[in-house]
Structure formats: C-alpha cells, structure tokens
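Take a look at the structure set out below.
The values are calculated or read from the model by the stated rules, or taken from the named source; none is laboratory data. Computed from a predicted model, the values in this text were never measured in an experiment. As a convention, Cβ positions derive from the backbone with ideal geometry for all residues, glycine included, and neighbour counts pool all protein chains shown.
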Amino acid sequence: MVSRDIMRSTARGFKKYYSPDIKGELRLDTNTNVLGANPAAVKFIREQKIDLNDYPRTYSDGLRCALASLYGLEMDNFVAGSGSDEMLDVLFKTFTEWGNDCLVPYPSYSLYDYFAQMNGGKVLYSELTDDFQLDVDDIISSRAKIVILASPNNPTGNSFRQKDIEEVLAGFGGIVVADEAYGEYSENSMIPFVNEFDNMVVIRTFSKAYAMAALRVGYAVANKDLAEMMNAVKIPYSLNSLSEGAAIAAVKDQDFIKRSVAMVRTERPKLSSGLSKLGFDPFPSDSNFILARSPIDHAALTDALKKKGVLVRDFGSKRRMENCVRFTVGTETMNNELLSKISDILEDFS
Ligand SMILES: *Cc1c(COP(=O)(O)O)cnc(C)c1O
C-alpha cells in the first residue's frame with residue numbers, strides 16, 4: 001500500500017464523502033426536492049442545441065444576468081460555478097491565507113471542515129445555544145478569518161435570527177458567509193442586503209429546492225468588489241454550458257419553486273406531528289427536512305428503515321445530536337409511508 005505521506009500534509013487525514021449504496025430506496029436522506037427533477041431544466045436539456053465544440057462563457061454571464069433580474073441586483077453582484085461547494089472553495093482561495101482558521105457553528109454542515117483543512121486552515125467551533133441559535137458574542141470574539149453560517153442550518157433545520165447575523169456582520173473581523181442552501185424554504189435571506197456589507201458573501205445552490213443536483217450549479221452573491229475578487233480566483237469555465245442553460249431556464253420559471261415550497265410548508269408540520277405521536281422529539285425547521293430525536297436506537301432505526309426501502313440520515317452518534325435522525329420532508333404519500341414503516345419498526349422493538 002502506498003503511504004499517505006505522499007499526500008499534501010493538510011489532506012492526509014481525509015476520507016471520502018458519504019456515498020451510500022443505492023438500490024431504488026425512497027431517498028429521504030439528501031434533502032433534494034421530492035417532487036423530482038426541475039421541469040424547466042429537463043425541457044431545456046431535451047431541446048438544447050449547444051455546440052459542444054464551444055467553450056462556455058467564462059463567467060456564466062447568462063446565468064448571472066438571470067439571477068440579477070430575479071433578485072433586483074446586478075450581474076456583477078454574482079459568481080457562478082459548479083455547486084455551492086465550488087463557491088466554498090473559491091471563498092477560501094480568495095480570502096484566507098494558508099493557516100488561517102475558519103469558524104463554524106456546531107452542529108452544522110460537515111463539508112466546511114474539508115475546505116478549511118484543504119486550504120491549510122483549521123476549523124474552530126462556536127457552540128450553538130440550546131435552541132440551536134448563534135452565540136453572537138462567542139463568534140465576534142473569535143480571531144478566525146472567515147465564519148460560515150448555514151441558515152437555515154443543516155442538519156438542525158432552523159434559521160438563525162436575522163438580527164444575530166447582522167450583529168455578527170458588524171462585530172466579526174473577517175468574512176461572514178451565509179450559506180443559504182435551503183434559503184428558498186425560509187422567510188428570510190441576506191441576499192437583499194449584500195450591498196450594505198463589506199464583509200458578507202451569500203451562497204446558494206441549484207441542488208436542493210431547484211431540483212438539479214446532478215447538474216452541479218451554485219452561486220455566490222456579494223457586493224461587486226467582493227464578487228469581482230472571487231471571479232478573478234475561480235477556475236474559468238467551471239460551470240459547463242449545459243448546466244448553465246438549464247439553470248437559466250429554471251430561474252426564469254419560478255412556478256416549480258413556488259409549488260415545491262408550498263408543498264413543504266403544508267407537509268412539514270404534518271410530518272413533525274406524526275413523528276411526535278410516534279415518540280420522537282422533532283426540532284423546529286425552516287427547511288425541507290426535520291431533525292428529530294428517536295425513541296429507539298438511531299442506528300437500529302436507520303438500518304430497519306433501509307431494509308424497508310427508505311433512506312434517512314443518521315446523526316445519532318454526533319455530540320448534541322445524540323440519537324437524532326434527519327428526515328427530508330416528502331410528499332404526503334411519502335411521509336405517510338415513512339410514518340407507517342417507523343410505526344411497524346417501533347412495534348417490533350416493543
Ligand atoms: C446540500 C448543501 C449544500 C449544497 O452543495 P452543492 O455543492 O451546491 O450541491 C451546501 N450547503 C449546505 C448546508 C447543504 O446542505
């Protein structure tokens with residue numbers, strides 16, 4: 001076996017990402033859109049006539065224009081790329097020096113560690129309060145170069161209070177990133193305020209509500225100076241023409257997004273109360289998933305559900321999420337199927 005000493009030292013401890021074996025299960029583990037692929041994107045891909053011999057536009061101007069008109073901003077407020085994961089990578093490459101630390105609330109999205117470490121830094125954690133809100137004073141007193149706040153937060157599901165985010169923006173000495181991967185489901189967003197802050201970058205994705213995870217499209221929104229810096233660092237052409245075209249079509253057709261958000265707002269409280277009735281302790285959610293403490297062992301529940309053809313995400317061995325499992329909010333039919341399978345599993349356990 002080749003020794004890992006051959007690797008860049010900051011990457012030696014890395015393991016590959018979550019990658020389950022899929023055999024046709026109902027996927028309530030990834031928080032993608034349960035209504036299926038974005039219809040405008042599918043139509044675009046069926047009918048497109050892109051010349052594969054042409055490079056894409058270097059900075060995806062078509063998509064940046066469509067986003068500018070969606071939000072009432074300008075094209076130069078945007079950076080577009082291959083998933084919000086690329087935006088995270090660009091953030092570190094643009095704004096941190098080798099060895100700068102990154103502050104992340106705990107619990108939050110685990111991929112932030114990867115980008116910080118890959119860029120020679122460390123992740124420092126700021127504990128969320130008991131109701132999973134920000135500890136603003138703790139964040140402000142940090143000397144990290146960048147703080148990443150996922151709002152709504154994954155895996156807890158709640159949004160952070162806008163006034164807390166604003167206090168962080170005013171007091172923190174570095175770049176404040178608002179990761180709004182689930183922003184379409186939430187009432188509040190920081191995007192309307194990008195021009196008011198010198199140190200804020202909002203990132204969004206087409207992987208969740210937009211139902212286009214396969215195409216890998218994400219974007220950052222910031223004041224024009226920060227966006228210009230990020231565009232200069234980003235790998236040119238990282239967003240391919242097919243994905244860009246599909247994303248433009250999806251932005252111009254907001255109907256599917258409205259339908260998806262309305263479905264989640266109707267079904268989420270029903271799923272939450274269904275889980276409560278079965279003995280779970282669900283946390284409040286502003287997104288298309290619910291974190292809930294299980295009345296039986298988390299791993300036993302997750303395995304039994306998998307055997308019955310439903311995938312959910314197990315967080316139960318992580319600190320502060322002891323025995324917790326994350327459920328993507330499905331359609332009414334999916335949620336009823338989930339609840340009835342859980343009920344059967346609980347009976348087998350008693
Ligand atoms: C799913 C998710 C993303 C999406 O990443 P992409 O690279 O755009 O697919 C980003 N942030 C959070 C918190 C997520 O849950």
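Tabulated results
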quantity: Unique match (being part of a loop (DSSP other than H, G, I, E, B) and within 14 Å of residue 90 (Cα to Cα)) among 189, 238; calculated: 238
quantity: Filter result for residue 262 (in contact with a helix residue (DSSP H, G or I) (Cβ under 7 Å, 6 or more places away or on another chain) and of a type outside the set (S, T, N, Q)); calculated: no
quantity: Of all residues in the stretch 9-36 being loosely packed, with under 10 Cβ neighbours inside 10 Å and among the charged types (D, E, K, R), the one that is modelled with the lowest pLDDT; calculated: 21
quantity: Criterion (among the hydroxyl-bearing types (Ser, Thr, Tyr), on the phi < 0 side of the Ramachandran plot and in a helix (DSSP H, G or I)) met by exactly one of 84, 159; calculated: 84
quantity: Search result, residues across the stretch 111-139 that are within 16 Å of the ligand (Cβ to nearest atom) and either touching a residue at least 24 places away in the same chain (Cβ under 8 Å) or out of contact with any strand residue (DSSP E or B) (no Cβ under 8 Å at 6 or more places or on another chain) (or both); calculated: 111, 112, 114, 115, 116, 118, 128, 132, 134
quantity: Answer residue from the stretch 193-215, given it is under 20 Å from residue 252 (Cβ atoms) and in a helix (DSSP H, G or I) and is nearest to the ligand (Cβ to nearest atom) among those; calculated: 213
quantity: Residue tally, condition of a type in the set (Val, Ile, Thr), over 19 Å from residue 260 (Cα atoms) and within 16 Å of the ligand (Cβ to nearest atom), over the stretch 216-233; calculated: 1
quantity: Of all residues in the stretch 73-110 being in contact with a strand residue (DSSP E or B) (Cβ under 8 Å, 6 or more places away or on another chain), over 16 Å from residue 204 (Cβ atoms) and polar (S, T, N, Q), the one that is nearest to the ligand (Cβ to nearest atom); calculated: 108
quantity: Selection within the stretch 105-139 - of a type in the set (A, V, I, L, M) and touching an Asp or Glu at 6+ places or on another chain (Cβ under 6 Å); calculated: 123, 124, 134, 136
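Matching residues to (1) surrounded by 14 or more Cβ atoms within 10 Å (Cβ to Cβ); (2) more than 21 Å from the chain's Cα centre (by Cα); (3) among the hydrophobic types (A, V, I, L, M, F, W, C):
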| position | (1), (2), (3) |
| --- | --- |
| 241 | yes, yes, no |
| 244 | yes, no, no |
| 250 | yes, no, yes |
| 264 | yes, no, yes |
| 274 | yes, yes, no |
| 282 | yes, no, no |
| 290 | yes, no, yes |
